[in-house]
1. Where the second residue is open to solvent by less than 50 Å² (accessible area, probe 1.4 Å) and among the hydroxyl-bearing types (Ser, Thr, Tyr) and the first is without any contact (Cβ under 8 Å) to a residue 40 or more places away in the chain and lies in the stretch 77-91, which pairs have Cβ atoms under 8 Å and are six or more apart or on separate chains?
2. Just the residues that are surrounded by fewer than 24 Cβ atoms within 10 Å (Cβ to Cβ) and in contact with a strand residue (DSSP E or B) (Cβ under 6 Å, 6 or more places away or on another chain), please, taken from the stretch 350-360.
3. Do you know which residues across the stretch 269-303 are of a type in the set (S, T, N, Q) and either modelled with pLDDT of 95 or more or surrounded by fewer than 22 Cβ atoms within 10 Å (Cβ to Cβ) (or both)?
4. One residue is enough: does the stretch 326-342 have a residue meeting the conditions over 18 Å from Phe278 (Cβ atoms), assigned to a helix (DSSP H, G or I), in contact (Cβ under 8 Å) with a residue 12 or more places away in the chain and among the hydroxyl-bearing types (Ser, Thr, Tyr)?
Amino acid sequence: MVLGKQEDIICSKVRAGIPCTLLSLICILFLAAAHAGAEDASRVLSKKIPRKNSPEKETVATIRIGKHTDRTRIVFETAESYVERASVIVTGDNAIKIDFQSPVIFRVPWKGSQKGASKGDDKELSKSKTPVDIGDGVRIAPGETGCIMTIDNLDDINVSKLFSPPRLVIDVYISKTPSNISAEKNVSGAVQETLPVPPDISDIKIESFMIDAGHGGYDSGIRSNNKAEKDIALLFAKDLANTLSRKGKKVFLTRKGDQVMSLKERIKVANRKSPGIFLSIHISSANELTVYSARKRAVKVSDTSGKAPSEKGFSGAAGGDASENLAHAVAQYVKSEFKMNVKYEKLPLQVISSVNAPAVLIELPNPEKFNYDGKARERLVTAILKGIAYSSSMN
């Protein structure tokens, strides 16, 4: 018998006091146990272990569409894990990208089904780069793990993930042309000059304002001509506040000095004060002024009687959007005062979309091209306030 190293050690410890026959028996039993253990380990290792990177089975996502007075609701009914991983982004004009990050099959209610048909009548969509019309102004181009949806006149979206049962819900808001102002845009988004009679800033009907100077502290924003965005934004915010205060308006500033404030803090301060208008001031990297608005679903106006706030805006046009009308008006009156490129755009910017008031973000021209001396700032303040006066007069 050939013994291994370990067996030699054991035998050497017991050889002195144990007969040779008994010693041999002990060694044989030890070797048998060791070989049995090795075979068990080999059997365990030889079992097939599922590969984590093996192709996943496609899961079905059924699309339901519902039309409402102020929005179109798109619902994806699918597995809970798919809802959890889903990402939804606006990728361009009228386009939304939905990615479940796993293979998926899309189904929609079959238009040819009889009334009262069951979910079993749903139609499977083939993967295609060409959008397919699935009704209610919605088109879809299915891919391997998601899809691109296009909706005419897409304005804003709101995304919810629900789990009883699991579903991804996208509320799509469609833009409407404001009827209380004759704003026009060319292909680049620049505002054209078609103005009504300029109002007096004393005619502003809004009583309270929240003015947000962008950036602050270590967050300098853009730098130009040895000037920081945070400083110009605060200077201009104070100019606006002082002018409004002289008109008897109540004005609040999100920051009064060179301090850091998060978006969450700015939104919290604004909603606590419940202003009539929220203005966020920033600086552009170009020689132009841009006014941004975000779709406002419900504009809360504080009630001095102590009752719950009502949901109404200050823009007069029925069905018009207060923030959109405000942004158009401000852009137009700045354009009428200065010979510069002025644009209006709509983006789901959190600092204005989360405030319970008509809200716009104004990007002032870059200081490399615009002289921010006292006289120029006064003209710019007056032009912005004329736009606010016009919007408020339409209530």
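1. Within 8 Å, the pairs are Ser81/Ser102; Arg85/Ser102.
2. Val351, Asn356
3. Matches in the stretch 269-303: Asn271, Ser274, Ser280, Ser284, Ser285, Asn287, Ser302.
4. So far as the stretch 326-342 goes, yes, one or more of its residues are over 18 Å from Phe278 (Cβ atoms), assigned to a helix (DSSP H, G or I), in contact (Cβ under 8 Å) with a residue 12 or more places away in the chain and among the hydroxyl-bearing types (Ser, Thr, Tyr).
The values are calculated or read from the model by the stated rules, or taken from the named source; none is laboratory data. Treat the numbers as computed from the prediction; the structure is a model and nothing was measured. Backbone-built Cβ (ideal geometry, glycine too); neighbour counts: all protein chains shown. Note: areas computed on protein heavy atoms with side chains; ligands, DNA, RNA excluded. Shrake-Rupley method; radii C 1.70, N 1.55, O 1.52, S 1.80 Å.
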